[in-house]
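Contents: one structure, followed by commentary.
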Amino acid sequence: MTTVTFHTKDGRITGFDAEGHSGYAEAGADIVCAAVTSAVRLAECTVNEVLGVCAAVRADERTAAISFRLPGSLGDAAESASQAVLTGLMVYLSELHGEYPEHVEVLEAQ
């Protein structure tokens, strides 16, 4: 199962951790894993490359894990845009959980 944990503080999404293979199909044919990976990469690229936020990202392909953290303080425009991207990611992954509840879990931690 792929588990994505969103970290929040004072109503702000500060980052997320995603780990594990969904187990929907064999590696290379797993559409659920591909959907999660694609969404996470889109969010990371949007925040870092498009918005220029410089969020901290650590990935470990061996364990199928990625950690993403926003910096502590951002300007108003970057903060608003980053929150929109991360909220969109959370909503998308929650919808994916609804379709594949045995393969994707979405959690929130403070």
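The values are calculated or read from the model by the stated rules, or taken from the named source; none is laboratory data. Bear in mind the structure is a predicted one, so any value in this text is a computation, not a measurement. Neighbour counts are summed over all protein chains in view; Cβ atoms, including those assigned to glycine, are modelled from backbone coordinates with ideal geometry. What goes into the accessible areas is simple: the full protein's heavy atoms, side chains included, and nothing from ligands, DNA or RNA. Shrake-Rupley method; radii C 1.70, N 1.55, O 1.52, S 1.80 Å.
Annotations
- Subset of the stretch 13-34 [farther than 20 Å from Asp60 by Cβ, out of contact with any strand residue (DSSP E or B) (no Cβ under 7 Å at 6 or more places or on another chain) and surrounded by 15 or more Cβ atoms within 10 Å (Cβ to Cβ)]: Tyr24
- Members of the stretch 38-48 found to be open to solvent by 30 Å² or more (accessible area, probe 1.4 Å) and under 19 Å from Ile13 (Cα atoms), listed by number: Arg41, Leu42, Glu44, Cys45, Thr46
- Residues of the stretch 80-110 satisfying the condition of being hydrophobic (A, V, I, L, M, F, W, C) and in a helix (DSSP H, G or I): Ala81, Ala84, Val85, Leu86, Leu89, Met90, Val91, Leu93, Leu96
- Residue pairs meeting the criteria (Cβ under 7 Å; at least 6 apart or on separate chains; first within 14 Å of Ala18 (Cβ to Cβ) and part of a helix (DSSP H, G or I), in the stretch 42-60; second open to solvent by less than 60 Å² (accessible area, probe 1.4 Å) and not β-branched (Val, Ile, Thr)): Ala43/Leu86; Ala43/Leu89; Glu44/Phe68
- Hits in the stretch 92-110 - residues which are more than 15 Å from Thr37 (Cα to Cα) and under 12 Å from the mean Cα position of the chain (by Cα): Leu107, Glu108
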